[in-house]
Amino acid sequence: MSCLLEKALEQVVALPQNEQDAIAAEILASLADETQWKKRFTAKRDVIRRMARETLNEDANGATLPLSDLLSNDAKVLAIV
């Protein structure tokens, strides 16, 4: 167990039972969510790679815009075009 986790658990055990349970439920939910995201990305790995290659090709061919342009006031105009 890491030192940081140990310190956190030392503080948690000092809390009332209901607060300990609430924290434990949050931790378990977070771990389950992380597991689901990993499964989703693993299942879609080929799609993600293909999309990344397409995006890099578009950028190399000048078919992309700088993020600063998209975030500027001109973004509304760019979205219409």
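Details
- Yes/no for Asp59 being exposed (fewer than 10 other Cβ atoms within 10 Å of the Cβ), modelled with pLDDT under 95 and either charged (D, E, K, R) or touching an Asp or Glu at 6+ places or on another chain (Cβ under 7 Å) (or both): no
- If the condition is being outside any helix (DSSP H, G or I) and within 19 Å of the chain's Cα centre (by Cα), then region 35-74 contributes only Lys44.
The values are calculated or read from the model by the stated rules, or taken from the named source; none is laboratory data. Remember, predicted model here, so these are calculated numbers, not experimental data. Positions of Cβ are generated from backbone atoms using ideal geometry, with glycine treated the same way; all protein chains shown enter the neighbour counts.
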